[in-house]
Amino acid sequence: MSIDTLDRESLGSLLSTQRAAYEDLRSRGLALDITRGKPSPAQLDLSHELLSLPGDGDYRSADGTDTRNYGGLEGLVELREIFSELLGVPVAQLLAQGNSSLTLMHDTLVWALLHGFPESSRPWAAEETVRFLCPVPGYDRHFTLLESFGIEMIPVDMREDGPDLDQVAGLVATDPTIKGMWLVPTYANPTGGVTSPEVAARLMAMPAAAPDFRLFWDNAYAVHHLSDEESAASDVLSVAAAGGHPDRVLIFASTSKITYAGAGVAFFGSSPANVAWFKSHLKFASIGPDKVNQLRHVRLFRDADGVRALMRRHRDLLAPKFDVVDEVLRDRLGPHDVATWTRPTGGYFVSLDVVDGTAARVVELAKGVGVALTPAGASFPYGKDPRDRNIRIAPSFPSVDDVRAAMEVLATCVLLAAAEKALA
């Protein structure tokens, strides 16, 4: 029965029941963590062959380059060819770099602040104010990166098909201090939403008061499907060109959740002008990426279909965990109408909205019985969820049994916090 329809006596009974369940959980000595989207050991084992690749004496790339030596700022062309197909970026406009796409985003921001983009009148840091639009709920590392540079953040609502276009277009068209916007277009963190072709087209065509406005297109989960309903990466560069703003979009991706999270390859893709700009600054920071690591990834993948096959094996490990999340939430919370949550077809997260004003309390309660959750508000700029309702669930790392145990705890804490508030 919905909690909104219960009288005070029934609410008191619900509160007592959940308190008893909570005390039972406290006695179990749990130590579970669903805070971050880390691949599980079983997922990492899928790429175990990397440890023996490229193999004794195998160090030359397809064009004969000795990967052990300096050079090759763009990265190995054969690896770029594989991810050109997967990311929808022409090979000549795709760079393969180090192990972290977050590092590439950081460096791009630093260079924009220090130098500006080609059409900038001056470096971003010389501007009195620099602002970014931040779809919410969104990726906390995007927000903390901006905060570290003193870039102001303006939240905009994230919908199932992408950011709220009316909000975005109205802000960007009238405010020249808005220099950029984050977007995880495929299986967004944490909602799992996918930006539709129609929304992407409008984002690329909308007028912007800042001539150097950039869309930071973080395609971290481009091939991370959880079902046969696979969302393909859109040819966003062609869409941007057709919209009259060929230099608007900057694409980032990596193999961090494809092979090894700490020893993968990151990618940067954009228009020819932006790639030239990126390389003009990169050349002072690097004489070339780790081409041996790139070669071993080429040997492991072989081609784009090899990546797809590997990701299907990831799906087999991940999908049951997401099924458990939905099952427990549906069984425990559904009858009481105290929460809504996403049912993603890809990515690494589930976004849970609880009763307004109780998310921080839920996280506190869960910690009290040994379950670590992402801090309430982490999916919002400055860590402040104005409604105090959103919690990000990351079920990838624990075992299926541990995911179930953690979700049972979470459900109890949601019900307990909701009953407390209803009776307050």
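Pairing residues of region 329-340 that are assigned by TED's automatic domain parsing to the domain that holds LEU415 and touching a residue at least 12 places away in the same chain (Cβ under 8 Å) with residues that are aromatic (Phe, Trp, Tyr) and surrounded by 14 or more Cβ atoms within 10 Å (Cβ to Cβ), at Cβ distances under 9 Å and at least 6 apart in sequence or on separate chains, gives LEU329/TRP341; LEU333/TRP341.
Scanning region 75-98 for residues that are buried (at least 20 other Cβ atoms within 10 Å of the Cβ) and part of a loop (DSSP other than H, G, I, E, B) yields a total of 5. Yes or no: region 168-177 includes at least one residue that is modelled with pLDDT under 95 and out of contact with any Ser or Thr (no Cβ under 6 Å at 6 or more places or on another chain). No, region 168-177 contains no residue that is modelled with pLDDT under 95 and out of contact with any Ser or Thr (no Cβ under 6 Å at 6 or more places or on another chain). Reported count of residues in region 100-139, each being out of contact with any helix residue (DSSP H, G or I) (no Cβ under 7 Å at 6 or more places or on another chain), part of a loop (DSSP other than H, G, I, E, B) and β-branched (Val, Ile, Thr), is 1.
Within region 297-336, the set of residues being touching a helix residue (DSSP H, G or I) at 6+ places or on another chain (Cβ under 6 Å) and either assigned to a strand (DSSP E or B) or within 20 Å of GLN18 (Cβ to Cβ) (or both) comprises VAL325, VAL328, ARG332, LEU333, HIS336.
Residue-wise test of (1) touching a residue at least 12 places away in the same chain (Cβ under 8 Å); (2) in contact with an Asp or Glu (Cβ under 9 Å, 6 or more places away or on another chain); (3) within 16 Å of SER351 (Cβ to Cβ).
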position: PRO123; (1), (2), (3): no, no, no
position: VAL130; (1), (2), (3): yes, yes, no
position: TYR139; (1), (2), (3): yes, yes, yes
position: PHE143; (1), (2), (3): yes, no, yes
position: ILE151; (1), (2), (3): yes, no, no
position: ILE154; (1), (2), (3): yes, yes, no
position: ALA173; (1), (2), (3): yes, no, no
position: VAL199; (1), (2), (3): yes, yes, no
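Scanning region 262-300 for residues that are of a type in the set (Ser, Thr, Tyr) and touching a residue at least 40 places away in the same chain (Cβ under 8 Å) yields SER270, SER271, SER286. Among the residues of this structure, GLY193 counts as one that is assigned by TED's automatic domain parsing to the domain that holds ALA242 and closer than 26 Å to ALA319 by Cα.
Among the residues of region 337-354, what is the count of those that are out of contact with any Lys or Arg (no Cβ under 6 Å at 6 or more places or on another chain), of a type in the set (A, V, I, L, M, F, W, C) and assigned to a loop (DSSP other than H, G, I, E, B)? So the count comes out to 1. The sole residue among VAL172, VAL184, VAL156 that is in contact with a strand residue (DSSP E or B) (Cβ under 7 Å, 6 or more places away or on another chain), within 15 Å of PRO381 (Cα to Cα), outside the structural domain of GLY383 (by TED's automatic domain parsing) and of a type in the set (A, V, I, L, M) is VAL156.
Filtered by the rule that a residue be part of a loop (DSSP other than H, G, I, E, B), surrounded by 14 or more Cβ atoms within 10 Å (Cβ to Cβ) and of a type in the set (Lys, Arg), region 1-43 gives ARG36, LYS38.
The values are calculated or read from the model by the stated rules, or taken from the named source; none is laboratory data. Quick caveat, the model's predicted, so the values are computed rather than measured. Please note: Cβ atoms are built from the backbone with ideal geometry, for glycine as well, and neighbour counts cover all protein chains shown.
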